[in-house]
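Visitor: If you scroll down you'll find the structure; I have some questions about it.
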Amino acid sequence: MTKIRKPLAKYRRVVVKIGSALLVDRMDGLKTAWLDALCTDLAMLRAGGTEVLVVSSGAIALGRSVLKVLAGTLKLEESQAAAAVGQIALARAWSESLSSHGVVAGQILLTLGDTEERRRYLNARATISQLLKLGSVPIINENDTVATTEIRYGDNDRLAARVATMTGADLLVLLSDIDGLYTAPPHLDPDARFLETVDAITPEIEAMAGGAASELSRGGMRTKIDAGKIATGAGCAMIIASGKVERPLLAIGQGARSSWFAPSGSPVTARKTWIAGKLQPAGRLEIDAGAERALMAGKSLLPAGVRSVSGFFSRGDTISIVGVAGREIARGLAGYDADEARLIVGRKSAEIAAILGYVGRAAMVHRDDLVMTGAPKTRDEEKDAVDA
Ligand code: GLU
């Protein structure tokens, strides 16, 4: 299965995750030359039309190196303080390095709820996609200054995978000091084999990464395989590669050793499957024939085509869309809270601002958030309609 290996420039949207050890040296602090070289790669990818997002670790490590006083295992409040000092320096380094390549950086700090709760998820996603639209590179990290054990990702591998799925990226690159997946820890087992491609993350593959509690796997391969499950399950390919070289993305493109994980579905399918299947609709919209035709043609649902609203839902909740035959034909994520939706039913998009007092979204359900779940009419119904 070498067909998933293709030039990075062929991907549409790429999330690159950088491990702390690549960016920060315990003694010397930030590895500026390495960062500059990486930014050359990122700028090249962007110039070729690939959208780039970065998940950068290193806040805590850099904060420790700046503060110089924190030794040994850190207490929670110490790592939060280290992150506060380190993140500001990290963001500045990214911003300066990217701007020397003519690229504008934007900082996004996420906490667990920002990807797990739908409303906040939609909000974070909207900000990130706006940044991309403006041509800038989002530099993302966990907001370690407020994250506590119960409410944190804990590792940036899984955070990067969540970012990849949230943004519909088609490739996630995990750069660290490990060059890929082996059948066993290579420093312990001379027979360990390197895996260049992984078609599916089976229990055998998971076993190669070691159990979660194993000393060797902590923050290492285990979280990378977890990230792989999240990303590939949502249709995003993943690469584990060494970042210990200068220009690591260029190196991958030139065939450097790395493990490639094949995606298991397309991003659109994965997202739409999530909307269609996993959530109980919180409300229901009945729509008219014109809106039904628009939905069939892949368009968004506008307030003008909605006849009635039932249920109590908030923006971002899944709602059921019912066609003229009285059956659900689609599901989607509400663009408005139920109360607001009731006020704008049947109204033109241009009237929304005057009714609600603010400029809302044009769509009641945007087509990106909408999936067809049933045929509007059965064949018999079509026939009856023609015969009548
Ligand atoms: N968010 C942490 C930091 O920036 C890193 C977490 C990780 O290395 O996975 O320091």
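The values are calculated or read from the model by the stated rules, or taken from the named source; none is laboratory data. Everything quoted here is computed from the prediction, not taken from an experiment. Note: ideal-geometry Cβ built from the backbone for every residue, glycine included; neighbour counts use all protein chains shown. What goes into the accessible areas is simple: the full protein's heavy atoms, side chains included, and nothing from ligands, DNA or RNA. Shrake-Rupley method; radii C 1.70, N 1.55, O 1.52, S 1.80 Å.
Visitor: Please verify whether region 177-187 includes one or more residues that are within 16 Å of the ligand (Cβ to nearest atom) and not aromatic (Phe, Trp, Tyr).
Guide: Pass one, region 177-187, residues within 16 Å of the ligand (Cβ to nearest atom): 177-178.
Keeping just the survivors that are not aromatic (Phe, Trp, Tyr) gives 177-178.
Yes: region 177-187 contains one or more residues that are within 16 Å of the ligand (Cβ to nearest atom) and not aromatic (Phe, Trp, Tyr).
Visitor: Looking only at residues in region 81-139 that are open to solvent by 70 Å² or more (accessible area, probe 1.4 Å) and touching a helix residue (DSSP H, G or I) at 6+ places or on another chain (Cβ under 6 Å), which one is modelled with the lowest pLDDT?
Guide: My answer is ARG120.
Visitor: Among the residues of region 313-328, write down those that are open to solvent by 50 Å² or more (accessible area, probe 1.4 Å) and either β-branched (Val, Ile, Thr) or under 16 Å from ALA294 (Cα atoms) (or both).
Guide: Correct list: VAL324, GLU328.
Visitor: So, one more: Filter region 177-196 for residues that are within 17 Å of ILE18 (Cα to Cα) and at pLDDT below 90; which is least open to solvent (accessible area, probe 1.4 Å)?
Guide: Step by step, filter region 177-196, then rank; the result is ILE178.
Visitor: Does ILE205 satisfy being within 16 Å of the ligand (Cβ to nearest atom) and more than 22 Å from the chain's Cα centre (by Cα)?
Guide: On the way: within 16 Å of the ligand (Cβ to nearest atom): no; more than 22 Å from the chain's Cα centre (by Cα): yes.
Here the answer is no, as ILE205 does not meet what is asked.
Visitor: Test of understanding: among LEU67, LEU112, LEU76, which residue is free of Cβ contacts under 8 Å to residues at least 24 places away in the same chain, out of contact with any strand residue (DSSP E or B) (no Cβ under 7 Å at 6 or more places or on another chain), of a type outside the set (D, E, K, R) and within 16 Å of the ligand (Cβ to nearest atom)? Full working, then the answer.
Guide: Details: LEU112 fails: free of Cβ contacts under 8 Å to residues at least 24 places away in the same chain; LEU76 fails: free of Cβ contacts under 8 Å to residues at least 24 places away in the same chain.
Exactly one of LEU67, LEU112, LEU76 is free of Cβ contacts under 8 Å to residues at least 24 places away in the same chain, out of contact with any strand residue (DSSP E or B) (no Cβ under 7 Å at 6 or more places or on another chain), of a type outside the set (D, E, K, R) and within 16 Å of the ligand (Cβ to nearest atom), namely LEU67.
Visitor: Between residues in region 215-238 that are at positive phi and residues that are open to solvent by 10 Å² or more (accessible area, probe 1.4 Å) and at pLDDT below 85, which pairs lie under 6 Å by C-beta distance while being six or more apart or on different chains?
Guide: Close Cβ pairs (under 6 Å, with a partner that is open to solvent by 10 Å² or more (accessible area, probe 1.4 Å) and at pLDDT below 85) amount to GLY235/GLY265; GLY235/SER266; GLY235/PRO267; GLY235/ALA270.
One line per residue, one yes/no per condition, for (1) part of a loop (DSSP other than H, G, I, E, B); (2) polar (S, T, N, Q); (3) more than 16 Å from the ligand (Cβ to nearest atom):
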{"residue": "ILE108", "(1), (2), (3)": "no, no, no"}
{"residue": "LEU122", "(1), (2), (3)": "no, no, yes"}
{"residue": "THR127", "(1), (2), (3)": "no, yes, yes"}
{"residue": "GLN130", "(1), (2), (3)": "no, yes, yes"}
{"residue": "ILE139", "(1), (2), (3)": "no, no, no"}
{"residue": "GLY154", "(1), (2), (3)": "yes, no, no"}
{"residue": "LEU159", "(1), (2), (3)": "no, no, no"}
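Visitor: Pick from region 42-64 the residues that are away from the ligand (no atom under 12 Å from the Cβ) and open to solvent by 10 Å² or more (accessible area, probe 1.4 Å): which of them is nearest to the chain's Cα centre (by Cα)?
Guide: Here the residue is GLU51.
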